[in-house]
Amino acid sequence: MSGIRRHFDLKFKRQVVEESFIPGVTQAELCRAYHLGENQLLSWRKAYRAGRLGGEATSAVLSARTRELERIVVRQQLEAEFLKRALAVQRQLQNGSSLLDSGGSLASNGRADS
């Protein structure tokens, strides 16, 4: 497609950029779908963040993306804590220690945070 310069209106640019903020959608997929170069999309995203693509959706989309990322971080923190505790239990079992005390309750030394 050399020699042909395409022009896109602001509405189209905003639409593509906002789609790029959807979790699970990759830039490569969008570029293939819309026949764009990845550098073009990157420059539109930069313009969008700077407020040069117009529209009031900019802060709303970014706020939604921020909330989604915060949810992902919390989920990953919970997973990490779970895995730490599971690893502590596994290590204790490998050492031949019992996870239960003489009364049948979880022994305090069987916890990952002790």
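Observations, loosely collected:
- Modelled label positions at Arg91 and Gln77, each set 7 Å beyond Cα in the direction of Cβ, lie 2.3 nm from each other.
- Pairwise FRET efficiency - Thr66 versus Glu29, Cβ, R0 = 25 Å, nearest 0.05: 0.70
- Phi-derived couplings, Karplus 6.51 cos²θ - 1.76 cosθ + 1.60 at θ = phi - 60°, listed residue by residue for the range 46-51: 4, 5, 4, 5, 7, x Hz, with x used for Gly and Pro.
- Of all lysines in the structure, those lying under 22 Å Cα to Cα from Lys46, and not within fewer than 8 positions of it along the same chain, are Lys11, Lys13.
- When you restrict to C-alpha pairs under 8 Å that are six or more residues apart and normalise by the size of the range 7-55, the relative contact order lands at 38 percent.
Every number here is computed from the coordinates shown, using simple stated rules; none is lab data. Remember, it's a predicted structure, so these values are computed and weren't measured experimentally. For neighbour counting, all protein chains shown are included, and Cβ atoms are generated from backbone atoms with ideal geometry for every residue, glycine included.
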